[in-house]
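Every read-out reported here was derived from the displayed coordinates using simple, explicitly stated rules and does not represent laboratory data. The structure displayed is predicted, hence computed values, not measured ones. Here the Cβ positions follow ideal geometry from the backbone for every residue, glycine too, while neighbour counts run over all protein chains shown.
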Amino acid sequence: MQADFLIIHPEVQEALDHKKPVVALESTIISHGMPWPKNVETALSVEAAVRKEGAIPATIVIKDGKCNVGLSADLIDYFGQAKDVWKVSLRDMPYVIANKLPGATTVAATMRIASMAGIKIFATGGIGGVHRGATTTMDISADLTEMAHTNVAVVSAGVKSILDIGLTLEYLETMGIPVVTYGQDEFPSFYSSKSGYRSPLRMDDESNIAAMLQVKWQMGLQGTVLIANPLPTKYEVAPDVIEQHIQKALQDADQQKITGKEVTPFILKHIADHSKGESLEANIALIHHNAALAARIAVAYEKLK
Ligand code: PSU
Ligand code: MN
């Protein structure tokens, strides 16, 4: 039984039972995306941002053979500090759970666990996608395939330019995933509100987004709607600065023969280490911003019925 593998925090369960808005949050960003103690501070303040908008946060991790949905502050601290935490995407789930290892969940794994728990809305910073050079490496994140069949909406700051943004948008189209940018015509690229690509869809209103989610799932159309939320312009990092870091990171990754699941954390760490904290500040700001939008969409969604 799926339920045997879930530990749902009582506050989250109470919210789900009473059709109150809940927002799922991922944990790879805590264990592999940011240095301690900023990661723990951010995880806690992101939860506070969700509450401020009237929803209940449910950060997701794997521990002792269970998927934990909604965490105590102690558990968040543990995942912020422990050194042996797995980065768990879909393919890692059975191994990590069967062996009772600690696991921080990617977008793909978090979506799946949120769905098992009955949560409909999920906020993250950046999603995985089609990597630059994927035409030869075939490095395409399982986040994209998961988005095609799991009915959990994803709010992100668009697609980071460590990926091939154009190919990622093509892949999302192939998989039948609606892509909506909140409040502007251009699709954002995480550190920048611009990407050079027009967003397939634009919506300016949380309740319209919620209504579209309801239509999609009532019709039996499986999968996510990707909601891209441009970061506030005052936090933008100049694209040419980021591009220099990415080029160097890709070179280093190639020289050091970094492959598979290590690629994304390696490149992200390189950018964080080389951008004098600028990218970290932007990262923190946009996660708060995304969590707040996800909470407002969750509130609007629960009002629909
Ligand atoms: N991109 C980011 N920040 C992140 C990630 C990606 O800008 O933290 C993390 C997310 O957890 C995402 C995962 O689901 O990396 C994708 O990993 P991969 O490319 O190995 O599928
Ligand atoms: Mn990959």
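Take the alpha carbon gyration tensor of the chain, find the square roots of its eigenvalues, order them as a ≥ b ≥ c, and report rounded if a/c is under 1.5; if not, report prolate when a/b exceeds b/c, else oblate.
Details: a/c = 1.42, a/b = 1.14, b/c = 1.24.
Rounded shape, in that the Cα axes give a/c under 1.5.
Are any of the pairs K19/K66; K120/K234; K63/K276; K87/K160; K160/K248; K63/K303 more than 27 Å apart by Cα-Cα distance, and if so, which? All intermediate terms of the calculation are to be shown ahead of the outcome.
Details: K19/K66 24 Å; K120/K234 30 Å; K63/K276 33 Å; K87/K160 19 Å; K160/K248 16 Å; K63/K303 34 Å.
Checking Cα-Cα distances, K120/K234; K63/K276; K63/K303 exceed 27 Å.
Per-residue ellipticity at 222 nm for the chain, helices alone: DSSP H runs ≥ 4 residues times -39500 (n - 2.57), over residue total, nearest 500 deg cm²/dmol?
Values: 12 runs with 139 residues, N = 305.
That comes out to -14000 deg cm²/dmol.
For the charge dipole of the chain, defined by +1 on Lys and Arg C-beta atoms and -1 on Asp and Glu C-beta atoms about the Cα centroid, which residue among S195, P230, A295 has the Cα displaced farthest towards the positive pole?
Toward the positive end, the furthest listed residue is A295.
Could you work out how far apart the two model spin labels at Q255 and R198 are, taking each label as a point 7 Å from the Cα in the direction of the beta carbon, and quote it in nm?
It is 4.2 nm.
Any idea what the relative contact order of the chain is, in percent, if you count C-alpha pairs under 8 Å spaced at least 6 apart? Don't jump to the answer; show the numbers that get you there.
Values: 626 pairs, mean separation 61.1, N = 305.
It rounds to 20 percent for the chain.
Could you list the trypsin sites (Lys or Arg not before Pro) in the range 70-146 that lie in coil according to DSSP, counting only those with at most 13 other Cβ atoms within 10 Å of their Cβ?
On the way: sites: K83, K87, R91, K100, R112, K120, R132; in loops: K83, K100, K120, R132.
In loop regions of the range 70-146 (DSSP not H, G, I, E or B), the sparsely surrounded trypsin sites (Lys or Arg not before Pro) are K83, K100.
Suppose R0 equals 35 Å; then what is the FRET efficiency for S45 and Q218 from their Cβ-Cβ distance, rounded to the nearest 0.05? Show your work: numbers first, answer last.
Details: r = 35 Å, r/R0 = 0.99.
For S45 and Q218, the calculated efficiency is 0.50.
Taking the Cα centre of the range 160-275 as origin, work out the dipole magnitude from +1 charges on Lys and Arg Cβ and -1 charges on Asp and Glu Cβ, in debye rounded to 20. Walk me through the numbers on the way to the answer.
Working: 10 positive and 15 negative charges, 43 e Å.
Dipole of the range 160-275, to the nearest 20 debye: 200 debye.
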